[in-house]
């Protein structure tokens with residue numbers, strides 16, 4: 001999320017971080033209207049730069065919408081209809097890649113309602129959290145119903161919950177079920193996400209069986225409820241190198257540290273200069289864009305002004321500057337020393 005001048009209250013911050021940690025520990029286990037046509041044209045006309053998403057060959061705006069920003073329980077302050085309008089606003093402003101998951105509560109239903117009439121112009125991505133291969137079809141069918149479509153542009157094996165809680169061998173069994181759905185033209189592309197456990201992610205990338213991946217990649221070395229060790233950062237680099245070598249599309253999540261470099265930054269480091277806090281999200285975005293292997297930034301945006309601010313950053317000069325580096329190097333160690341970070345495990 002991009003920071004704003006009216007940051008969420010400390011009570012909401014504590015509630016949100018507690019819920020996120022709890023959600024990370026939970027394992028998740030009729031087709032409706034709207035067809036995903038093969039001749040879709042998801043590239044934007046809104047002034048946002050486009051990049052080709054790896055071997056999928058789909059050209060899309062580099063800024064993508066993260067559906068984890070939509071659940072009320074995870075901090076979105078808007079009504080259901082307000083969130084429908086928010087997603088449609090993102091589309092109207094030029095975003096075309098919309099990411100969600102079966103365990104994101106009402107997120108899929110919101111996105112489905114918002115984008116039903118423009119389905120052929122967008123790239124819908126969901127995830128399966130189940131570790132049971134026999135339940136993959138059921139999970140995908142639920143996503144199809146809630147997203148009001150008969151086909152998903154892509155499905156990922158979810159990282160958390162999902163890959164974190166199973167072996168690579170079991171993950172490849174989930175992959176095999178997704179391949180069946182691809183053969184049935186229910187799913188077009190197959191990917192995986194990883195908040196950490198990059199040893200497993202590397203094995204999946206090396207398998208050659210995936211079209212793309214989404215990895216936790218931001219200035220702050222954090223996943224969902226963990227801080228990356230030097231070993232884990234090295235494994236992530238190996239995963240990125242493997243995915244890039246194989247032509248996989250690579251999407252980055254946790255670009256603004258799950259809000260720690262955005263909406264929550266003033267709570268993470270309370271005495272930090274407010275003006276400089278407002279500059280953090282843009283610096284964090286430019287930091288990730290500095291890695292040319294990254295095709296997409298999947299960012300959660302709770303309000304219209306978050307969308308506007310991020311589009312302004314993406315559409316401007318995205319060179320990572322000395323000022324960006326100085327700001328992040330000043331804030332980063334303070335954030336890592338904060339109580340919220342200290343509650344996270346080291347991996």
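The values are calculated or read from the model by the stated rules, or taken from the named source; none is laboratory data. Not measured: the values here are computed from a predicted model. FYI the Cβ positions are ideal-geometry reconstructions off the backbone, even for glycines, and counts take in every protein chain you see.
For the stretch 213-237, filtered to residues that are in a strand (DSSP E or B) and touching a strand residue (DSSP E or B) at 6+ places or on another chain (Cβ under 6 Å), the residue that is surrounded by the fewest Cβ atoms within 10 Å (Cβ to Cβ) is 227. On the given criteria, is residue 118 surrounded by fewer than 19 Cβ atoms within 10 Å (Cβ to Cβ) and closer than 25 Å to residue 50 by Cβ? Here the answer is yes, as residue 118 does meet what is asked. All conditions but one from (1) surrounded by fewer than 22 Cβ atoms within 10 Å (Cβ to Cβ); (2) part of a helix (DSSP H, G or I) apply to residue 185; the one that does not is (2). Condition check for residue 191 on (1) crowded, with 20+ Cβ neighbours inside 10 Å; (2) in a helix (DSSP H, G or I); (3) within 19 Å of the chain's Cα centre (by Cα): one failure, at (2). Do you know which of the residues in the stretch 238-259 that are out of contact with any helix residue (DSSP H, G or I) (no Cβ under 8 Å at 6 or more places or on another chain) and surrounded by fewer than 23 Cβ atoms within 10 Å (Cβ to Cβ) is farthest from residue 328 (Cα to Cα)? My answer is 245. Residue check: is residue 284 buried (at least 22 other Cβ atoms within 10 Å of the Cβ), at positive phi and either assigned to a helix (DSSP H, G or I) or out of contact with any helix residue (DSSP H, G or I) (no Cβ under 9 Å at 6 or more places or on another chain) (or both)? No; evaluated as a whole, the condition is false for this residue.
Is it the case that the stretch 260-273 has a residue that's touching a strand residue (DSSP E or B) at 6+ places or on another chain (Cβ under 8 Å), in a helix (DSSP H, G or I) and surrounded by fewer than 22 Cβ atoms within 10 Å (Cβ to Cβ)? No: zero hits. Examine the stretch 74-86 for a residue that is closer than 24 Å to residue 289 by Cα and either at pLDDT 95 or above or crowded, with 16+ Cβ neighbours inside 10 Å (or both), and state whether such a residue exists. Taking every residue of the stretch 74-86 in turn, none turns out to be closer than 24 Å to residue 289 by Cα and either at pLDDT 95 or above or crowded, with 16+ Cβ neighbours inside 10 Å (or both).
Would it be correct to say that residue 216 is at negative phi and under 20 Å from the mean Cα position of the chain (by Cα)? So residue 216 fits the description; yes.
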